[in-house]
Amino acid sequence: MGEAIAYLGLGTNLGDRLAQLGSAIDALGDIGTVGAVSNVYESAPMYVTDQPNFMNMCVGLKTALGPQDLLAALKLIEVTRGRVQTFRNGPRAIDIDILLMGDLVLDLPHLSIPHVAMAERSFVLAPLSEIAAEILHPRTAASIAQMRGRLGDEGITCIGPLTQGGR
C-alpha cells in the first residue's frame, strides 16, 4: 500500500483531558509521522448526555500501516492510555477514530472508512476542516470545509492549540 495520510479524530471526557490528548498524539509517533494537528474543541456529549463534556481534535498521520493494522494499533494506544470498554457512546479516557485515509472506501463489520458518522458531528468537522479543509469525502465528493459549512459549529467551543502543558 505504501505510505498514506490517515486523518484521525481524537476525543476524551475523563481525567485530565488535555493530557490524554497529548499522550495519544505522542503514542501516534510510534506508528507513523504526526503531521497537521488541529485546535482542541469542547462539546457536550452527543448521544449519551449524562456524562462529562468531551474535548476533541484531529490529526493527520502519515503511516505505512494498512487500515486494519492501523485500527489495531489505535485500539492498543487507547487501552494503554486507560480506555475501558463501557457502553456505546459512553465516557472514555481516549478514543481515536480513523476518519479518512486517502480516497479509500472500506466497509467492514468493525471498520468503515470514511467514518460513517463524521458528517453529523461538528466536533469532528470543525477540527478536521482546520487541517484538511480541501480534502474531498470519497463518497459524496464534498470538501470537509463544505461539510462543516452545512453543519455549522453550534454546540462546540474552540479551546485553542494543545500546548506543551497539555502533553
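Side notes on the structure shown:
- Put simply, of ASP26, ASP50, ASP103 the only residue that is on the phi < 0 side of the Ramachandran plot, modelled with pLDDT of 95 or more and acidic (Asp, Glu) is ASP26.
- Among the residues making up segment 130-153, a single one is under 17 Å from the mean Cα position of the chain (by Cα) and at pLDDT below 95: ASP153.
- The numbered conditions (1) at pLDDT 95 or above; (2) out of contact with any strand residue (DSSP E or B) (no Cβ under 7 Å at 6 or more places or on another chain) are all true for ILE156 except (2).
- Verdict on LEU104 being aliphatic (A, V, I, L, M), farther than 16 Å from LEU128 by Cα and over 14 Å from the mean Cα position of the chain (by Cα): yes
- Those residues of segment 120-129 which are in a helix (DSSP H, G or I) and under 13 Å from the mean Cα position of the chain (by Cα), in sequence order: SER122, PHE123, VAL124, LEU125, ALA126, PRO127, LEU128, SER129
- Among the strands (runs of 3 or more DSSP E) confined to segment 1-112, the ones with at least 1 residues that are farther than 25 Å from THR140 by Cα and touching a helix residue (DSSP H, G or I) at 6+ places or on another chain (Cβ under 8 Å) are located at 4-12, 33-37, 40-43, 54-63, 95-101.
- Every test in (1) under 17 Å from LEU111 (Cβ atoms); (2) touching a Phe, Trp or Tyr at 6+ places or on another chain (Cβ under 8 Å) is passed by ILE31 save one, and that test is (2).
- Unique match (being surrounded by fewer than 16 Cβ atoms within 10 Å (Cβ to Cβ) and either free of Cβ contacts under 8 Å to residues at least 12 places away in the same chain or hydrophobic (A, V, I, L, M, F, W, C) (or both)) among VAL34, VAL79, VAL59: VAL79
- Sole exception among (1) within 14 Å of ARG17 (Cβ to Cβ); (2) over 14 Å from the mean Cα position of the chain (by Cα); (3) at pLDDT below 95 for THR80, by number: (1)
- Residues located in segment 6-18, provided they are more than 13 Å from the chain's Cα centre (by Cα) and under 17 Å from PRO127 (Cα atoms): ASN13, ARG17, LEU18
- Count of segment 1-19 residues, restricted to those that are at pLDDT 95 or above and either at positive phi or touching a Leu at 6+ places or on another chain (Cβ under 8 Å) (or both), is 8.
- Just one of the listed residues (GLY149, GLY102, GLY90) is without any contact (Cβ under 8 Å) to a residue 40 or more places away in the chain and either in contact with a strand residue (DSSP E or B) (Cβ under 8 Å, 6 or more places away or on another chain) or surrounded by fewer than 18 Cβ atoms within 10 Å (Cβ to Cβ) (or both), namely GLY149.
The values are calculated or read from the model by the stated rules, or taken from the named source; none is laboratory data. Just so you know, these numbers come straight off a predicted model, no measurement behind them. Counting neighbours? That spans all protein chains shown, and the Cβs are built from the backbone with ideal geometry, glycine included.
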